[in-house]
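Remarks on the structure that follows.
The values are calculated or read from the model by the stated rules, or taken from the named source; none is laboratory data. Owing to the predicted nature of the structure, the values given are computational and were not obtained by experimental measurement. Cβ: placed from backbone, ideal geometry, glycine included. Neighbour counts: every protein chain shown.
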Ligand SMILES: [Mn+2]
């Protein structure tokens with residue numbers, strides 16, 4: 001199904017006067033908001049192709065019905081999201097779950113929705129049918145060079161697919177590690193991984209980036225070979241200028257200071273990409289901003305400060321992606337909520353009074369520092385984010401419109417109740 005312009009307009013129409021009233025109040029508070037709205041309009045968050053179906057845990061999976069049955073339907077779902085919020089203008093593909101059968105047609109379909117292809121994702125964390133060697137004991141780190149070669153070749157194949165689609169980056173997340181003390185020689189595992197990554201790096205086109213994602217634990221529970229930002233940064237530094245660290249919010253040990261990590265990676269010019277989600281305990285993959293919205297704001301505060309210090313383009317110079325799983329919510333509603341939370345945190349970071357904060361820091365005025373940050377965080381910027389959406393042709397209240405149009409029922413009618421999207 002496709003959203004028509006008139007459907008969005010007739011949803012917006014009755015809400016306009018209330019919207020402009022709230023916006024006027026905000027403009028009185030903030031002064032000129034044009035620049036903020038421009039930045040919000042430009043900011044796009046990639047939707048992962050594996051997050052459009054209902055996720056699950058190892059205990060079960062409960063389908064929402066009407067899940068996309070193929071890559072084309074996944075692209076259509078992201079097209080729906082983008083039509084609603086105008087901030088989901090990119091797709092992050094996962095190979096082999098989403099191998100394009102007809103690349104040209106897939107590109108055309110994405111373009112018809114205004115979507116571009118963000119980072120490609122390889123998969124050496126599970127065995128595929130007809131695969132010669134198993135990744136049970138790792139892929140790029142494996143003791144057996146034949147397993148490493150197979151994993152390297154898979155990554156190079158993903159790059160090749162990405163080139164055809166117009167992507168410019170490869171995200172490598174490895175499940176490699178060990179479950180028990182003594183199982184691995186840490187140095188050997190690191191060295192094998194580095195050697196394998198070097199081969200993948202050599203296959204990158206000049207204008208491509210490789211993102212090395214880290215994760216503290218799971219599925220391995222004793223050691224992970226790319227376990228934290230230090231290990232990722234080691235790899236990225238040893239590989240070269242096209243290699244960067246990717247931060248996934250859920251991949252840290254509890255209470256890690258992610259905003260500090262982000263700040264230092266930006267300083268080192270080694271932050272490349274971001275995976276948004278939220279968590280209470282571990283890699284819970286919950287809706288961004290659902291548990292710790294203040295942390296999300298603090299992270300954006302460092303991102304904006306760090307990018308501005310280096311003269312980076314907020315929208316273009318880092319890869320922004322959601323990496324979440326939807327077990328109990330409708331995946332599309334969940335993604336709309338995530339995008340909204342990310343946009344809000346970004347907007348709040350944009351209004352932080354940087355000059356005043358710097359002065360307060362220099363004067364060791366700790367109270368003032370907190371006041372400045374929390375003033376920004378506690379300003380309700382929803383009208384500003386909504387205005388950016390409205391100007392780009394999106395809906396004032398995307399989730400409400402999704403519901404009033406009964407989009408899920410229509411998708412179920414189109415695709416059936418017992419469909420299951422590929423993914424986690
Ligand atoms: Mn991730």
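Identify, from the list 195, 207, the residue that is more than 14 Å from the ligand (Cβ to nearest atom), in a loop (DSSP other than H, G, I, E, B) and farther than 24 Å from residue 335 by Cα.
From the options 195, 207, the qualifying one is 207.
From 416, 423, 394, which residue is surrounded by 15 or more Cβ atoms within 10 Å (Cβ to Cβ) and at pLDDT below 95?
Being surrounded by 15 or more Cβ atoms within 10 Å (Cβ to Cβ) and at pLDDT below 95 holds for just one of 416, 423, 394, which is 423.
Take region 148-157 and flag every residue that is surrounded by fewer than 24 Cβ atoms within 10 Å (Cβ to Cβ) and closer than 15 Å to residue 128 by Cβ.
Correct list: 150, 153, 154, 157.
For region 1-103, which fully contained helices (runs of 4 or more DSSP H) count at least 1 residues that are touching a residue at least 40 places away in the same chain (Cβ under 8 Å) and farther than 19 Å from residue 398 by Cα?
Qualifying helices (runs of 4 or more DSSP H): 16-30, 34-42, 71-85.
Suppose we keep only residues that are touching a residue at least 60 places away in the same chain (Cβ under 8 Å) and surrounded by fewer than 21 Cβ atoms within 10 Å (Cβ to Cβ) within region 217-257. Which one would you say is nearest to the ligand (Cβ to nearest atom)?
218
Can you report the number of residues in region 296-340 which are within 16 Å of the ligand (Cβ to nearest atom) and closer than 24 Å to residue 169 by Cα?
11
Hey, any hits in region 396-406 for a residue that's closer than 17 Å to residue 39 by Cα and touching a helix residue (DSSP H, G or I) at 6+ places or on another chain (Cβ under 6 Å)?
No.
Which residue out of 182, 138, 114, 166 is over 30 Å from residue 2 (Cβ atoms) and either within 16 Å of the ligand (Cβ to nearest atom) or surrounded by fewer than 19 Cβ atoms within 10 Å (Cβ to Cβ) (or both)?
Testing whether each residue is over 30 Å from residue 2 (Cβ atoms) and either within 16 Å of the ligand (Cβ to nearest atom) or surrounded by fewer than 19 Cβ atoms within 10 Å (Cβ to Cβ) (or both) leaves just 182.
Considering only region 169-179, how many residues are buried (at least 23 other Cβ atoms within 10 Å of the Cβ) and part of a strand (DSSP E or B)?
The qualifying residues number 5.
Could you tell me how many of the residues in region 268-282 are away from the ligand (no atom under 15 Å from the Cβ) and touching a residue at least 40 places away in the same chain (Cβ under 8 Å)?
1
Name the one entry in 51, 18, 42, 46 that is surrounded by 11 or more Cβ atoms within 10 Å (Cβ to Cβ) and modelled with pLDDT under 95.
51
Restricting attention to region 358-381, which residues are within 29 Å of the chain's Cα centre (by Cα) and free of Cβ contacts under 8 Å to residues at least 40 places away in the same chain?
370, 372, 374, 375, 378
Which condition from (1) within 17 Å of the chain's Cα centre (by Cα); (2) at negative phi; (3) within 16 Å of the ligand (Cβ to nearest atom) is the one that residue 285 breaks?
Here residue 285 meets the rest and fails (2).
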